[in-house]
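Accompanying notes for the structure given below.
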Protein chains: 2
Amino acid sequence: MTLIQLRYLVAIADASLNITLASQHVHATQPGLSKQLKKLEEELGFQLFVRRGKSLASITHAGQQVMRRARKMLDEAANIRSIAANLRNEDQGELRIATTHTQARFALPEAISALNLQYPLVRVHLQPGGDRDVLAQLESGWADLAVISRAGAPPPLGVALPAYRWNRVILVPHQHPLTSRSHALSLADLAGQPLVSYESSLKPESSLRRAFETEGLSPQIVMTASDADLIKIYVRAGLGVGVLAEMAILPSDADLHSLDADHLLPQCTTWIVLRRETILREYVLDFIHKFAPHLARQDITRALTEPSPRYWPPVPHWRERNLADISASA
Amino acid sequence: MTLIQLRYLVAIADASLNITLASQHVHATQPGLSKQLKKLEEELGFQLFVRRGKSLASITHAGQQVMRRARKMLDEAANIRSIAANLRNEDQGELRIATTHTQARFALPEAISALNLQYPLVRVHLQPGGDRDVLAQLESGWADLAVISRAGAPPPLGVALPAYRWNRVILVPHQHPLTSRSHALSLADLAGQPLVSYESSLKPESSLRRAFETEGLSPQIVMTASDADLIKIYVRAGLGVGVLAEMAILPSDADLHSLDADHLLPQCTTWIVLRRETILREYVLDFIHKFAPHLARQDITRALTEPSPRYWPPVPHWRERNLADISASA
DNA sequence: CGCGTTTACGTCGTTCGTAACGATA
DNA sequence: TATCGTTACGAACGACGTAAACGCG
């Protein structure tokens with residue numbers, strides 16, 4: 001058994017059992033992978049894959065077991081290499097972030113450009129997706145960190161560090177009836193309106209639906225999008241009332257009217273999620289600190305090794321956070 | 001980085017930094033280890049060991065980190081090999097048990113000889129020690145399983161399976177004053193006597209001391225031994241009153257008088273402790289089932305993967321257990 | 001007939017063991 | 001001087017890549 005064999009093994013699995021494709025991913029030739037796989041199976045004494053003719057049809061049950069162990073081993077090998085790279089003060093590498101569209105578009109850019117300024121040789125990969133995809137990509141090992149938002153408890157996976165809190169806003173065109181109400185905005189007002197919001201608000205566990213349900217109301221969601229920019233476009237088109245994250249409101253949206261929803265919908269927290277027991281490169285720690293300045297580097301490293309949940313310094317709100325960012329960089 | 005290099009690395013650490021000794025343990029030559037270590041350090045770019053002259057003086061801080069990861073990787077490699085060996089129905093291998101003297105001497109022999117009958121090619125290694133040593137040997141990876149007794153909660157480490165419950169007995173010579181009491185034996189009676197018991201009873205957290213303390217008494221322990229046989233010898237010599245595990249009473253001890261202490265001292269449970277997330281060889285599962293017949297094989301494998309504590313079938317008492325053993329083998 | 005896998009083969013790199021050397025206590 | 005680690009060298013093994021053959025859709 002060799003680390004190379006295991007690397008080839010998971011590469012084949014990750015290439016959906018296409019050895020040729022896998023060989024390109026690991027920068028080797030296809031016969032090399034075939035042969036190493038054969039040797040590994042010979043050494044272990046059983047088939048890792050089910051063959052149909054000459055091609056691989058599926059992974060054996062025992063193969064699945066081996067695959068899990070092999071992944072762990074390769075992860076640990078990567079950790080060892082990270083320890084080494086950190087000690088050598090290597091300033092190049094990759095940073096793979098799995099996150100939602102909103103974070104990628106409105107929250108992450110400053111931190112990423114600050115990182116790029118400090119570490120020009122680090123290549124950043126952003127992988128947008130739904131909450132499920134994001135966590136899956138973290139677990140699979142593709143992503144170094146995930147950035148994800150929740151109204152309630154932190155995501156159950158890995159180590160979750162709170163980055164900032166935020167609220168939602170109601171977005172309407174100027175001169176929309178909702179802008180001229182004499183009393184404060186209520187959920188009942190919104191229940192009568194066609195709503196345009198994120199895809200996630202269709203899920204039964206969405207905090208939007210729940211907020212309405214606890215008042216005995218039900219929202220009329222006429223359109224959803226994964227993308228705040230799309231929501232704005234349809235609000236401009238008069239399709240309905242937008243419900244979106246306050247981070248998504250830009251100066252260029254002055255043609256629209258945004259109303260506070262702090263008292264209507266529960267506050268959300270954006271979390272940075274990491275795999276437990278993983279060695280992070282120095283620039284990843286720096287990035288996290290840039291993105292969530294209230295987290296000291298030692299807070300992060302401690303959280304990664306400690307099994308018990310920690311008590312965090314107070315988590316800033318999005319509105320305070322921007323100020324803090326500016327003052328910190330000044 | 002190679003698995004062989006990592007294997008050499010931990011071998012050197014386990015041989016207390018003596019490369020020559022380590023080379024014998026891994027069945028290789030000493031220059032081979034030296035060279036591989038050098039290559040590994042070159043690849044990682046930093047020293048894993050602190051050198052004094054040509055010899056290794058200590059492990060670098062970073063080296064410790066690498067060592068931990070390397071051990072994990074080698075453990076996983078061993079797990080993969082175990083999966084393979086199980087699938088091939090290999091009937092040879094090793095079973096390393098870390099346990100206390102009492103278990104090794106009085107509880108384990110039947111199960112071990114039954115195992116040897118079924119798997120003549122499996123070599124069993126018993127490593128007696130104190131509770132701390134036993135758990136350390138399990139964690140270090142030397143032992144496949146630990147067998148250990150506790151009066152209260154299960155050991156905090158790994159996965160603990162309850163094997164059986166047992167009580168202590170008071171052992172005195174015939175015609176000792178305690179044998180002719182009209183009323184039931186009490187702790188107060190024992191407090192007036194010189195006691196001979198296990199070494200562990202000297203520890204402040206020992207259940208013996210605690211039992212006395214809750215009644216405001218304090219035991220006079222005149223002698224301790226790690227070994228039940230030694231305790232018996234000194235009871236015979238009239239040094240004092242023995243307090244020991246009921247398993248230690250053999251038919252050949254008919255020259256002594258043993259008194260129930262069920263109502264005086266709390267019941268103990270003997271636990272089988274395993275490392276979590278470890279693949280066990282088939283014969284290890286068989287052994288556990290032989291030693292704790294109330295545990296089905298699936299109970300064991302489930303407990304190894306499940307993170308949550310499980311509810312066990314009723315745990316037999318030592319006295320019932322022997323009967324069950326006999327009836328099962330009949 | 002294209003795609004993917006296997007087999008065959010030659011070259012290269014690497015590892016291993018033996019043996020000699022060096023340093024240290 | 002005995003013990004332990006490093007260096008040197010030759011032999012053998014193993015891995016890799018190129019090229020060709022085989023199956024399958």
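Before we move on, is A:R275 modelled with pLDDT of 95 or more and among the basic types (K, R)?
Judged against the criteria, A:R275 is not a match.
Please determine, by comparing only the residues of the stretch B:41-64 that are closer than 15 Å to A:S82 by Cα, surrounded by 19 or more Cβ atoms within 10 Å (Cβ to Cβ) and more than 12 Å from DNA strand D (Cβ to nearest atom), which one is farthest from the chain's Cα centre (by Cα).
For the stretch B:41-64, the residue satisfying everything is B:L44.
Which numbered condition in (1) touching a Ser or Thr at 6+ places or on another chain (Cβ under 7 Å); (2) over 24 Å from A:V159 (Cα atoms) is the only one that A:L217 fails?
(1)
Quick one: which helices (runs of 4 or more DSSP H) lie wholly within the stretch B:3-104 and hold at least 3 residues that are facing chain A (nearest Cβ under 10 Å) and more than 16 Å from DNA strand C (Cβ to nearest atom)? Don't jump to the end; show me each part of the working.
On the way: elements: B:3-14, B:19-25, B:30-44, B:61-87.
Per the criteria, B:61-87.
Tell me, which residue of the stretch A:250-280 that is in a loop (DSSP other than H, G, I, E, B) and of a type in the set (A, V, I, L, M) is farthest from A:K232 (Cα to Cα)?
Start the filter on the stretch A:250-280 by keeping residues that are in a loop (DSSP other than H, G, I, E, B), which leaves A:250, A:254-255, A:261-267, A:275-280.
Next, only the ones that are of a type in the set (A, V, I, L, M) stay: A:250, A:254, A:261, A:264-265, A:279-280.
On the way: A:L250: 11, A:A254: 11, A:A261: 17, A:L264: 20, A:L265: 19, A:I279: 40, A:L280: 37 Å.
Filtering first and then ranking leaves A:I279.
Do you know which residues across the stretch A:113-128 are assigned to a helix (DSSP H, G or I), surrounded by fewer than 19 Cβ atoms within 10 Å (Cβ to Cβ) and hydrophobic (A, V, I, L, M, F, W, C)?
A:A114, A:L117
The values are calculated or read from the model by the stated rules, or taken from the named source; none is laboratory data. Just so it is clear, the structure is predicted and the values come from calculations on it, not from any experiment. Reconstructed Cβ throughout: ideal geometry from the backbone, glycine too, with neighbour counts over all protein chains shown.
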